[in-house]
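Okay, structure first, notes after.
The values are calculated or read from the model by the stated rules, or taken from the named source; none is laboratory data. Quick caveat: nothing in here was measured; it's all calculated off a predicted structure. Here the Cβ positions follow ideal geometry from the backbone for every residue, glycine too, while neighbour counts run over all protein chains shown. For the accessible areas, the whole protein counts, side chains as well, though only heavy atoms, and no ligand, DNA or RNA atoms are used. Shrake-Rupley method; radii C 1.70, N 1.55, O 1.52, S 1.80 Å.
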Amino acid sequence: MIRSICFLLLVCIQGFLISCDKGTDDKYGTFVDLRDNHIYKWVKIGDQVWMAENLAFLPEVSPPEGGGPNISHYYVYGYDGFNEDEAKSTENYKLLGVLYNQQAALVACPKGWHLPTDNEWRKLAEYISEVKGPFITNEYDEFIDDEMFICWESIGKYLKATDYWKNGGSGTNDFDFSALPGGMRYTDGHFYLIGDQGYWLSSTMRNNTYNVWSRSLRKDDSSFYKQAYLPDIGYSIRCIKD
């Protein structure tokens, strides 16, 4: 009798653990970052598995005026201080996660996940274009001088969350990527554009420059932008599974 009860308990516990780690069809699920026990949602889009929310790993926090490209910096939008517990108690941290400079971003993702390359971001856009489009892109045009105008049309509408974007700028979130307008920490030591724009890092350097490629979305259109940024700007991170 005792042995039967123990067996049933074991089965129930195993079932609970599995349900916490996977969705019912392996398209959605959660995982735990063992560094801080933070639980993240993930979603499978095409053959890629992405975090379905921004990274919130915060081993230390910098005020916005603290910066530089050669030391890791972690920012929480609107927080001006050095106390991680205070920063984590803010609504911006809970909703939007952390803003990272490139030095921090390269080592911020948990084990089994990594900072996406520019090509991995492109693959995400290509998949959405195949499913919902096709959509026009000038991303392959090497003669564009202003990288702010390198983009895919319409992709952003399907990536943006259905809430939190200002002035009716929310999306349809068809792929459950749930992109939020987390703004940035700029090189002048101030935060900008929360509610208006969201920025996400890649690990890919722009050829023959000091800059790094990133991706962004805006409240006032549906494009998915590719742009180069200075490595000491603070942007959000979406990790992708190894």
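Data for the structure
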quantity: Gain in span if fully extended, D26 to T162, counting 0.36 nm per residue against the direct Cα distance; calculated: 46.6 nm
quantity: Computed lengthening from K41 to I71, 0.36 nm per intervening residue step minus Cα-Cα distance; calculated: 7.9 nm
quantity: Cα gyration tensor, region 159-227 - rounded (a/c under 1.5), prolate or oblate; calculated: oblate
quantity: From the coordinates shown, Kirkwood radius over Cα pairs in Å corresponds to which of (i) 17.6; (ii) 23.3; (iii) 18.8; calculated: (iii)
quantity: Sequence of R238, R122 from largest to smallest accessible area, 1.4 Å probe; calculated: R122, R238
quantity: Electrostatic dipole magnitude of region 91-137 [Cβ: Lys, Arg +1; Asp, Glu -1; Cα centre; debye, to 20]; calculated: 100 debye
quantity: Between 0 and 90°, nearest 10: helix 118-132 axis offset from the chain longest Cα axis; calculated: 80 degrees
quantity: Global form of region 94-188, assessed from the alpha-carbon gyration tensor, a/c cut-off 1.5; calculated: rounded
quantity: With Cα atoms, 0 to 90° folded angle of helix 2-21 axis to the chain main axis; calculated: 10 degrees
quantity: The chain, accessible surface, carbon-and-sulfur percent (1.4 angstrom probe); calculated: 54 percent
quantity: Whole-number percent relative contact order across the chain, with pairs defined as alpha carbons under 8 Å at least 6 apart; calculated: 21 percent
quantity: Largest to smallest accessible area among E139, E91 [probe 1.4 Å]; calculated: E91, E139
quantity: Mean residue ellipticity (222 nm) of the chain, computed from DSSP H runs ≥ 4 via -39,500 (n - 2.57), nearest 500; calculated: -6500 deg cm²/dmol
quantity: Region 80-106 residues near the modelled Y192 label - backbone nitrogen below 20 Å, point 7 Å along Cα→Cβ; calculated: 80, 98-103
quantity: Rounded to the nearest 20 debye, dipole of the chain from Cβ charges on Lys, Arg, Asp, Glu; calculated: 800 debye
quantity: Charge-dipole axis of region 134-242 as Lys and Arg at +1 and Asp and Glu at -1 on Cβ define it, positive-most pick from I233, G198, S178; calculated: S178
quantity: Solvent-accessible area per residue, Å², over the chain with all protein chains present [probe radius 1.4 Å]; calculated: 51 Å²
